[in-house]
1. I'm trying to understand the selection: among the residues of segment 40-81, which are under 21 Å from Gln236 (Cβ atoms) and small (Gly, Ala, Ser)?
2. Of all the residues that make up segment 477-498, how many are touching a residue at least 12 places away in the same chain (Cβ under 8 Å) and not in a strand (DSSP E or B)?
3. Give just the number: which of (1) among the charged types (D, E, K, R); (2) modelled with pLDDT of 95 or more; (3) surrounded by fewer than 21 Cβ atoms within 10 Å (Cβ to Cβ) does Glu145 not satisfy?
4. Across segment 35-81, what is the number of residues that are assigned to a loop (DSSP other than H, G, I, E, B) and among the charged types (D, E, K, R)?
5. Which pairs have Cβ atoms under 8 Å, sit 6 or more apart or on different chains, and link a residue in segment 181-200 that is within 9 Å of Ala254 (Cα to Cα) to one that is among the basic types (Lys, Arg) and surrounded by 24 or more Cβ atoms within 10 Å (Cβ to Cβ)?
6. Being of a type in the set (Lys, Arg), in contact with a Pro (Cβ under 7 Å, 6 or more places away or on another chain) and within 23 Å of Ile474 (Cβ to Cβ): is that true of Arg393 here?
7. Could you go through segment 53-67 and let me know if any residue there is assigned by TED's automatic domain parsing to the domain that holds Ala357, closer than 23 Å to Gly276 by Cα and within 25 Å of the chain's Cα centre (by Cα).
8. Assess whether Leu272 counts as being in contact (Cβ under 8 Å) with a residue 12 or more places away in the chain, at negative phi, surrounded by 16 or more Cβ atoms within 10 Å (Cβ to Cβ) and not in a helix (DSSP H, G or I).
Amino acid sequence: MIRKTRILTFFLIGLFFLCPTNPVAAQDLRKLDHYLKEVYENHIIPGFSVVVVNDQGLVYKKGFGKERLDRAKPFTGQTVNAIGSLTKSMTAMAIMQLVEQGDLELDTPVVHYLPWFRTANKDMSDKVTVRMLINNTSGLQASPEPSYDLSDNALAALTRNLRSTFITREPGTVYEYSNLGFSIAGYVISQVSGLPYKEYLDKQLFGPLAMKSTSTDPEKFGALGALEGHYQGIYQATPALREKQFESGEYIPAGSFTRSTAQDLGNYLMALLNKGKFGNARLLSEESIAEMWSPNSSFPGLMEDEGGDGKPIQYGLGWMISEIEGRKIVHHGGSTGKMSSMTMIDLTNNRAATLLANLDLTFIDQYQYPTIFNLVNNILHIAAGEPITEFGRPTISDPSLNDFDLVEERMEKYVGEFVQIKGGDFWVYFGLSMEIKRGDKGLEAMMTRGKNTINHFELDFATPSLAIGRNMGIPQRFQFKLTPDGKVKGLFCGGVEYIRENKLRLEQYKKVEPGSHLGFLLPKDWSLQKLPDGFTANDPNDSSTRLRGFVKGSRKKVEDAIAKVSKRTSNESPWFSIREGQYVWKHQSSVRSGSHGEEVHTLFYNEMSNIPIHFEITSKKENHTLILQQVISPLLNSLEFYGGNQ
């Protein structure tokens with residue numbers, strides 16, 4: 001089944017800025033404006049902005065489209081969007097500032113600055129230098145799951161909790177992209193400078209560069225009007241909702257949160273092109289910038305069938321370096337799953353450009369739409385008075401296209417609801433539910449988490465057990481688990497395993513709402529009694545099993561209850577984190593003597609929309625595992641949170 005390319009057209013809205021003192025041909029700017037209008041009209045991007053600068057100042061700044069598809073507000077050069085991993089270049093700049101001040105040395109081991117730093121193989125982590133953290137040769141590949149802590153302690157906790165993490169390659173020998181390495185570098189910055197990472201960037205980068213709408217702090221995003229972006233759909237993008245419960249400070253130096261604007265990033269690029277100077281401020285020396293842009297390692301570049309020339313890409317310090325169509329280009333992209341950025345600095349022509357998009361173009365279907373790499377490369381071409389090219393666009397057809405048709409009689413076997421049981425990238429693909437249903441052109445798969453639609457695909461079957469999920473993103477493989485008679489038991493997609501929801505099992509539960517702001521499943525025969533601050537629930541056939549929940553009321557009241565339980569259990573069990581359903585929960589258990597003999601008491605705690613919520617389950621020791629499986633797991637997996645404190 002071959003799908004035709006879809007084109008969405010939206011009303012064009014933007015703000016154009018031209019600096020008349022900048023010696024760039026007016027006709028080239030008109031060509032650039034025309035090119036970007038065509039991109040907007042023929043691409044799937046809801047909204048984006050572009051800034052172009054040279055060593056003399058601002059050349060071009062404009063926004064296209066909407067900030068959100070469900071709102072009328074235009075996307076402009078002042079719209080605050082995620083920049084993703086472009087933040088790595090800023091972390092590298094901060095490191096180089098400290099090197100210039102004599103507070104750091106690039107080739108000194110990290111343990112010199114963090115004496116307690118170590119991995120499971122200490123002999124390897126002792127070899128890791130500051131340089132290796134920011135040139136991706138540290139060997140630190142694995143990124144531990146975040147603790148979902150936004151405090152300044154998050155970086156410290158991440159860096160100190162690496163004793164179970166192994167370095168997989170000899171440090172300093174092989175390029176391997178590592179968010180973890182940059183996070184550790186961010187903590188080194190805070191320890192050496194005496195300032196939290198976020199505060200250091202505010203004072204030493206964003207302030208001097210007059211980047212007034214740039215921040216790494218989610219608490220400031222509301223005041224800045226920062227976007228949440230869009231998820232990929234079949235025919236158009238889906239506006240994303242903020243999921244505060246998943247926000248974490250561990251990977252901020254790697255790019256998990258930074259928001260900025262085309263206007264602000266223009267200032268950043270001007271400083272880099274002007275040998276580290278911006279106005280009266282000098283952020284970095286020419287020598288340090290040259291160090292950042294000098295190759296340290298390399299990895300394969302775009303092959304010819306991908307629209308490249310096969311030349312390797314070099315990696316410096318927080319930047320990639322490539323030779324592209326006869327020019328030396330320094331570049332870095334950024335991706336968050338909902339937004340993206342691409343920055344290129346053309347050292348041959350002394351020009352630089354950034355594109356910010358409220359959709360993740362890093363994972364766009366390159367067979368349908370121009371990639372973000374191709375777009376920014378052409379922006380630089382036009383600004384230099386050169387023709388656009390197809391560099392970065394595939395030269396072959398989508399190899400996943402096929403002529404197989406799933407017979408109509410089989411389709412109903414795939415229809416149903418599926419729940420995630422294993423796997424899932426902790427940035428986007430976790431806590432998902434999936435529904436496969438009939439659509440206008442066959443079967444569709446919709447992945448949701450709470451009120452967010454994370455992805456929506458048309459299913460193009462290549463065989464009865466393999467379908468290609470098609471939408472505006474990269475085609476995804478859906479590998480189905482089938483019984484001999486063709487029934488669907490489950491599937492694998494994007495590193496996640498799903499099983500078909502057992503409707504007979506669900507019939508054993510009922511939906512309860514102990515407050516107007518949340519609901520969940522309980523066994524059908526359990527009784528529930530609402531209380532002013534929550535509820536109690538009991539198994540009428542077993543008085544030894546008791547469930548209590550604090551789900552509303554004052555923050556202090558809930559926190560006092562948690563502190564009371566924590567004090568009682570602190571000497572017996574530490575806190576652990578688990579993902580259940582849409583949320584991440586901290587849990588803690590204790591064993592004590594009760595009226596029914598030895599009892600196990602487990603506390604589950606979370607904060608959702610700034611409301612602390614916790615559940616306490618107590619049962620006989622011999623029954624506790626079964627109670628967790630039959631009562632608590634369905635409760636946490638089915639929990640829906642409707643809004644603020646009532």
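The values are calculated or read from the model by the stated rules, or taken from the named source; none is laboratory data. All figures in this text were calculated on a predicted structure; none of them were measured in a lab. Heads up, the Cβs are rebuilt from the backbone with ideal geometry, glycines too, and the neighbour counts pull from every protein chain shown.
1. Once the filter is applied, which keeps residues that are under 21 Å from Gln236 (Cβ atoms) and small (Gly, Ala, Ser), segment 40-81 yields Gly47, Ser49, Gly63, Gly65, Ala72.
2. 4
3. Here Glu145 meets the rest and fails (2).
4. Number satisfying all stated conditions: 6.
5. That search, which allows pairs on different chains as well, returns Phe182/Lys88.
6. Here the answer is yes, as Arg393 does meet what is asked.
7. no
8. On the way: in contact (Cβ under 8 Å) with a residue 12 or more places away in the chain: yes; at negative phi: yes; surrounded by 16 or more Cβ atoms within 10 Å (Cβ to Cβ): yes; not in a helix (DSSP H, G or I): no.
Considered against the rule, which asks whether it is in contact (Cβ under 8 Å) with a residue 12 or more places away in the chain, at negative phi, surrounded by 16 or more Cβ atoms within 10 Å (Cβ to Cβ) and not in a helix (DSSP H, G or I), Leu272 comes out as no.
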